[in-house]
Every structure is written in structure tokens, then in C-alpha cells.
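The values are calculated or read from the model by the stated rules, or taken from the named source; none is laboratory data. This structure is a prediction, so every number in the text was calculated from the model and none was measured. Heads up: the accessible areas ignore ligands, DNA and RNA and are worked out on the full protein's heavy atoms, side chains in. Shrake-Rupley method; radii C 1.70, N 1.55, O 1.52, S 1.80 Å.
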Amino acid sequence: MSTHHRPSSRRAPSRVRAAAAAVLATAAVAVVLPAPASAHAASDDLTWSLAPKDGTLGAGRANFAYDVEPGERVRDVLVVTNRSTAPLELSVYGTDAVTTPSGHLDLLPADQEPTDLGAWLTLDAGGEGGDGTVTIEPGDAAEVPFSLSVPDDATPGDHAGGVVTSLRQQVGDGALSVDRRLALRVHARVGGALAPGLAVSDVGVVVHPTANPVGASRATVTYTLTNTGNARLVPTESVRLTGPGASAGAGGAPAEELLPGAVVRRTVEVDGVRPTFRVAADVRADGLVVGVGGGGATTATATAAGWAVPWALLGVVVLVVAGAVAWPLWRTRRAHRGSSGSREVAPDPAR
């Protein structure tokens, strides 16, 4: 395998770079931190930070990103700085990155083995052939060399992972162990055909009733968004509801980038929907490829229909019709009772 280093030369748009600059970290729950990464503990004020080492692969990098070929090997260095007043002993390892069903970037749990980019990473924590831990004195920094070895059969496109530092602590009486993790993202784009793809599916629409007979309603549109290609994408979504003589639209909430294979469930609230018995929900998602300057995009659409019954208006109509029918009947009955009560009685001639 080759040993030359080739940092990524592609540039993401500003919104993408902001997302790529995020640092993945998990404690009891997953969190995302901006670079430079740092972790804090309120109880003991243990703090550390992570950064890529400046060198031939770049300076001032927010994370690790490479353009590589199958069989290639890249060497790089993670810098860990102890910003607390006590020594730190951290475990260091590599793992895969994932997109959660809610659409957030995260890392695999500590007890789950990586199968993609995380499995390509080898960290020399504790020195060559070390035990995977690094000890850092207060105020000091430690360099952790690592290698990214791309398999010969690696698939083209984007692969994502993270270099993780972990501090395990006992809480309370020691019965509970907390794993505080801090990580920097690692991205590798393997050479070959880049094929971005999105799919929109399982569209559902619910129009909520309104008490105003002539007022507009609010609709909730849900759908599944899937990255079906091999490139990281930043999606932009829009929803439009149309019915007889009425339409309304809304854009989706800002979404984080989708890793290849990501499946997320999205919800969009649309105001100003006229309940015209039946509405169609048209969903459009545009995905911009991360790292490809001046292009690289894909689009997906889907449509579903839902009921938009104007219950309040129907209630008013029913009352009006019922009143229109009942009023003549009531007048007729009242008139009949009045005529029966005032009827004159003829005298009996036999008396």
C-alpha cells in the first residue's frame, strides 16, 4: 500500500463547513461541540481539548478529512491538551459516525464495534503497541499518532468516523460508571464514482381542525428522508399543500448533514391550510454534496393526500339547515295550537 498523504482539497459551502467543524462528543448522552473540542465536569473540573496537529496535511484544521484511494495509508496526529489541574488518563480509539433517526450526527456506543471507517483507524496511544491509553499532566499536551488504512476493496464515496478520547468515572458510591467521551470527526472520500442520491417516502398529512368556521387550519406533514447515495449531503426541504382553490407551503427545519445510508424521520408544520375536504402534500428535498465545489446535488420528491374536513363550517351548515327545517314546523304547530284554543262553541237549541 502507498504511504503518501493527501489532505482533502475540496471546500464545502459556509453552512456545510460550520457543520463539519462540529466535534462529536458523548457522555451519558451524545453531544456535539465546536472546535476546539473540550470537555468539562462540574464535580471535579476535569477538562481537556482536542485538535489536529498542524503539519503537511494542513494548519488550523477543525477535524480530519482526506481524499484517499483503496489501499492507501494516511498518517496523522491528534493533539490532546489537559486543561485541568489534575492528571488525566484517557482511553483513545477510533469508531464509526452515524446519523441518528432524529437527524443528528453521533458516534457508535462505546461497546459497539465499528465496521466502516472506525475499523480503518489504528491509534498509537501509549506509544507504538501501547495499551490504548494516554496520561497527561496538568497543562500539558500529548500527541497521539494514528493511521488510516483504507482497505483494497473500500467502496467509493464518503466514509465517516471519529477519533475518541474517553474518561470513565465512578459516580456516587461507585455503583454507577459514567463514560465521558470527546471526539474529533474523521472523514475519508474514497476515489471512484460519486453518486449522490435522496429518497422521500412514507409521506403522511394530518390537517388539524379549527373552531373558526371560515378560518385556516394547521397541518402536520411527516415523511422519511433517506440518503441512498454514497456522498454526504446537506438537505434543504420544502412542503406544499394544495386543495380546491387553496394552497399553503412551508420549509423544513434546518437539517444536519446526512451520511450515506442515513434514514431520518422529518416533521413539517404548515399554517394557513384551508380545509377543503381533501389536500395533497407535495414534499421536495434537495441535497447538496459536501465538499464538491460548484456542484454536486440531487433531488427527491413525493406526494400524499389527506382529509381536510371543515368540521366547524359543516357544524354551522347543519345548524342552519336544521333551523330552516324546524322553524316552519314550529310556526305551523304554534298556529294550530292557537286556532284550537280560540274555537267558538255553538249554543245547544234543546236547552
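General observations
- Accessible-area value, Leu176, 1.4 Å probe, nucleic acids and ligands omitted, Å²: 100
- Using θ = phi - 60° and Karplus 6.51 cos²θ - 1.76 cosθ + 1.60, couplings along the range 180-190 (whole Hz; Gly, Pro as x): 8, 10, 9, 9, 10, 6, 10, 10, 9, 9, 7
- Normalised per residue, the accessible area of the range 141-190 is 36 Å², obtained with a 1.4 Å probe and no contribution from ligands, DNA or RNA.
- Among His336, His187, the order of accessible area from largest down is His336, His187, computed with a 1.4 Å probe on protein heavy atoms.
- Global geometry of the range 42-116, whether rounded, prolate or oblate, following the gyration tensor of its Cα atoms and the 1.5 cut on a/c: oblate
- Under a 5 Å amide H cut-off, with hydrogens placed 1.01 Å from N, Asp140 pairs with Asn82 among residues at least 5 apart or on other chains.
- Net length gained if the chain between Asp152 and Glu137 were fully extended (0.36 nm per residue, minus Cα distance): 1.4 nm
- Between Gly291 and Ala12, the built amide H atoms are under 5 Å apart, and every one of these is 5 or more places off in sequence or on another chain.
- Area of Arg278 that stays accessible when all protein chains are in place (1.4 Å probe, Å², to 10): 100
- Where Asp286, Asp271 fall by accessible area, highest first, once all protein chains stay in place (1.4 Å): Asp271, Asp286
- Using a probe of 1.4 Å, the accessible surface attributed to Ser201 totals some 40 Å² when neighbouring protein chains are kept in position.
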